[in-house]
Amino acid sequence: MAVCVGVAVSGVQCVSDLLVAPSQSVYTFDPVLPVPNTVNIGDTIAIPQAQLTVDGRVVVVGLGASVVTGATVLKVDSLGRLIVLGPGDGVVRVHPISAALPTDTLHQDFALHAAVPKLTSTGPDAIYSIKDTVTLAATPRTNGGVAIAGAPVAWSLVSGSGIVTLLNASTGQFRGEANGDAVIMAASDSATLQRTIRVRQRATKVLPAGAVVFRALGRAQVLTPQAQDARNNSVTGGTTRWGAIPHGKTVTRGRPMCPLPGAPDRG
């Protein structure tokens, strides 16, 4: 009994009719464009397509596939679908399926790269002392949101080179250098993610402005205390609040106060 398949343009034709003289027929098995080269980790997709031609005529046949290299990256399931398991590269071999074919050597190999489709990020986005460091985490994920193990992530500085310094591209560690904003980026394959680090010094202490003795009422004296962050760096641009305390009392909570001569003791 003849096995019949569809033939492009010329309608339906039996494969056995095309194989009357196998030794004289020309068989080709070519990929169908566009040829894929990148697939997303976590996806289940159709195998790459190829078509059989006999003596220049396209013959519709079934397709089978197997993984040649990259068994931890790619897998063909029982339904003939391609499952992308994890990061890396692999080769899928596709071959025509037909009992009427006189040869089983026809195949096409497709080299595929399994890529990270998206990234998510966590970690602080503010630095409050010059020379403090922060470490940001970026997690590669599938389109379904599942974390992908083993996919490398690289961090880089997009803008603000004088604001922060990149200390470690693989761990996402940055150091604050000056007040301002810096844009940073994480990348894994073609997936990218940008974040902004804000360097905003916070004063944690104020150095005394020095002792001043007023020997006459109405005399003025300008005092300039020095605010510092947690790493003893000077903080500029802030506002110092002044007030009066009774004579002989001490300054508390780092707030500089100038005592007035002869002020009554309210303690």
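Some observations on this one:
- Pairwise FRET efficiency - residue 161 versus residue 32, Cβ, R0 = 45 Å, nearest 0.05: 0.40
- Inverse mean reciprocal Cα-Cα distance (Kirkwood Rh) of region 85-234, Å: 20.1
- One Cα centroid belongs to region 129-187, the other to region 61-116; the line between them spans 37 Å.
- Each residue, residue 43 and residue 69, gets one label point 7 Å from its Cα in the Cβ direction; the gap between the two is 2.2 nm.
- In this rough spin-label picture, where each label sits 7 Å from Cα along the Cβ direction, the residue 109-residue 168 distance is 4.0 nm.
- Heavy-atom SASA rank of 97, 127 (probe 1.4 Å, accessible area, largest first): 97, 127
- The listed peptides 112-123, 73-84, ordered by packing as a protection proxy, come out as 112-123, 73-84 (highest mean of other Cβ atoms within 10 Å first).
- For region 52-158, the alpha carbon positions stretch 76, 27, 20 Å along the principal axes, listed from largest to smallest.
- Where the Cα pairs of region 104-191 fall when distances are cut into 5 Å bins, in %: 3, 13, 21, 18, 13, 10, 8, 5, 2, 3, 2, 2, 1, 0
The values are calculated or read from the model by the stated rules, or taken from the named source; none is laboratory data. Keep in mind that this is a model prediction, so the values were computed, not measured. No Cβ is skipped: glycine too gets one built from the backbone with ideal geometry, and neighbour counts run over all protein chains shown. Ligands, DNA and RNA are stripped out before the accessible areas are found, and what is left, the full protein with its side chains, is counted by its heavy atoms. Shrake-Rupley method; radii C 1.70, N 1.55, O 1.52, S 1.80 Å.
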